[in-house]
Amino acid sequence: MKIIRRYKRRLRAGIEAKPVLLAVGILAIIVIMNFNHDKQLSVAPASYKPLLDLIADVESKGNYNAYFGNADNSSIQFTKMSIAEVQQWQKEQVASGSPSSAVGRYQIIDVTLSELVNNLHLDQNQLFDESTQDKMAIALLERRGSVALVNNKMSRTDFAANLAKEWASLPKITGSNPDDSYYAGDGLNRSLVHRDKVLSAVDLLKPIY
C-alpha cells in the first residue's frame with residue numbers, strides 16, 4: 001500500500017508540474033524569437049563586390065589612381081600616398097581651379113574623405129591604397145543603407161536612389177527621368193549606367209546569418 005501511495009504522489013506531482021514546464025518552454029521560445037527578431041544582420045563582405053565594381057566602372061574605369069577628368073591617370077600614384085597627402089593634393093587641385101576634388105576608384109571628394117577619416121577613426125598616415133579605398137566605399141554604402149537593406153528596413157529602390165546621391169554617375173532610379181543622374185544639369189555630371197543594372201547589383205547584397 002505504501003508503494004501505491006508513493007506512486008500516486010509522484011504521478012500527481014508530475015501532472016501538476018506539466019503546466020509549469022509548458023509555461024517555461026513557451027517563455028523560452030518567445031525570448032529566442034525576440035532575440036532573433038531584434039538581431040541586426042551584417043552584409044556579407046563578398047556580396048559587395050558586384051556593386052563596388054559597377055560603381056568603380058562608371059566612376060573611374062576601375063582605376064584606383066583616377067582623379068576627376070582623368071580616369072586613365074597613372075602618373076600620380078594615389079595608392080602610394082598617405083591619406084593626408086591625398087587631402088593636401090585635393091586642396092591644391094581645387095585651388096588651381098579644378099571643379100572637383102574627386103579622387104580614387106570611387107571618386108571620393110575632399111569633404112567626404114574628411115568625414116570618412118573621422119567616422120572610421122583612420123590614421124591620416126595610412127596609405128590611400130586599394131584596401132583603404134575599398135573600406136571607404138563600403139562605409140559609404142553602409143551610410144546609404146546597405147545594412148538596412150539586408151535587414152528588410154529599406155527597399156532596394158530607396159537604397160539605389162540613395163546611391164545616386166553619393167555617386168553622380170549612377171541614375172537617380174526614382175521620379176521623372178529615372179535614368180538621369182541625381183546631379184544632372186550641374187554641368188559636370190551625368191548617369192553612365194541604366195537603372196536596371198544598378199538594381200541587379202543591389203539585389204546581390206546578402207546578409208550574414
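We did not get these values from a lab; they are worked out from the coordinates using the rules stated. Note that the structure is a prediction, hence the values are computed from the model and not measured. Cβ sites come from the backbone with ideal geometry, for glycine too, and all protein chains shown count toward neighbours.
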Look at ASP179 and say whether it is not in a loop (DSSP other than H, G, I, E, B) and not hydrophobic (A, V, I, L, M, F, W, C). no
When residues of the stretch 48-84 are filtered for being more than 24 Å from VAL198 (Cβ to Cβ) and assigned to a helix (DSSP H, G or I), how many remain? 5
The residue from ASP179, ASP196, ASP158 that alone is of a type outside the set (Gly, Ala, Ser), touching a helix residue (DSSP H, G or I) at 6+ places or on another chain (Cβ under 7 Å), surrounded by fewer than 17 Cβ atoms within 10 Å (Cβ to Cβ) and free of Cβ contacts under 8 Å to residues at least 40 places away in the same chain is ASP179
